[in-house]
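Just so it is clear, none of the values below were taken in a lab; they were calculated from the coordinates. Since the structure is predicted, the reported quantities are computational estimates derived from the model, not experimental observations. No Cβ is skipped: glycine too gets one built from the backbone with ideal geometry, and neighbour counts run over all protein chains shown.
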């Protein structure tokens, strides 16, 4: 499945239903070099925050929009400075795999110091009083941020949370993004969001024959959360809603164009699934 364009299509359709008055901020944490969710947010007329420590020229250009603010920092569990390990995949440096975790499969030995902010510090600094969407793609560091939701005021809990899981190989290999320490953190995220009242969820995976998986987190036993992930899972995103339930037929209509993957994407899937 073509994960990123499908997720962008879903958010473009659903966020205006979640927050029709555009009262909340949409935060794109870990923007990367493509699939600019912050651009989607801005085009939907939301106030958009882009959190990216290594911004490319295209992102800097987007930040000229009046409703899009770029912060060249990392969101983390501490304020100050931390070491960012520059991404590397298939022997080539790729900033999309950069991580604050030296154990991350895409992290290289090349590193640089970056400014870090906690979620609460970001809220205070940007004077945020409502969050419509919190999107996280920070290469194994998602749990360090999402666990902070347990300590913020309930009215600040995002209406929508989207986060990445897995990566590098398929689930059955228990390596890279599926190594026990990272998969356990993925399950911790789901447990925490369940406790915080998130319900309707959508799982979208890069595996070529996968379609969207819809579920109600509030109805799942914490001991069975690992069963959400198909054996052939490679990497993907989970979107969770706190007080909103999308219609199943609406989701399938949005996602159907992204079921088919091209030859290059199938080749990449084959390489990372060995």
Helix-only CD estimate at 222 nm, as mean residue ellipticity for the chain, using -39500 (n - 2.57) per DSSP H run (n ≥ 4): -8000 deg cm²/dmol
Which whole-number percentage describes the relative contact order of the range 23-158, with Cα contacts under 8 Å and a sequence gap of 6 or more? 26 percent
Which length gain, in nm to one decimal place, applies between residue 224 and residue 78 when the Cα-Cα distance is subtracted from 0.36 nm times their residue separation? 49.4 nm
Estimate the FRET efficiency between residue 67 and residue 111 by the formula 1/(1 + (r/R0)^6), using the beta-carbon distance for r and 30 Å for R0, to the nearest 0.05. 0.35
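Using 0.36 nm per residue of separation minus the Cα-Cα distance, give me the extension gain between residue 120 and residue 93 in nm, one decimal.
The residue 120-residue 93 span can extend by a further 6.5 nm.
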Would you please give the FRET efficiency between residue 184 and residue 9, computed as 1/(1 + (r/R0)^6) with r the Cβ-Cβ distance and R0 = 30 Å, to the nearest 0.05? 0.45
Cα-based Rg of the range 23-158 per 2.2 N^0.38 Å, rounded to two decimals? 1.02
Of the labelled options [x] 18.3; [y] 13.4; [z] 14.8, which one gives mean projected area of the Cα convex hull in nm² as computed for this structure? [y]
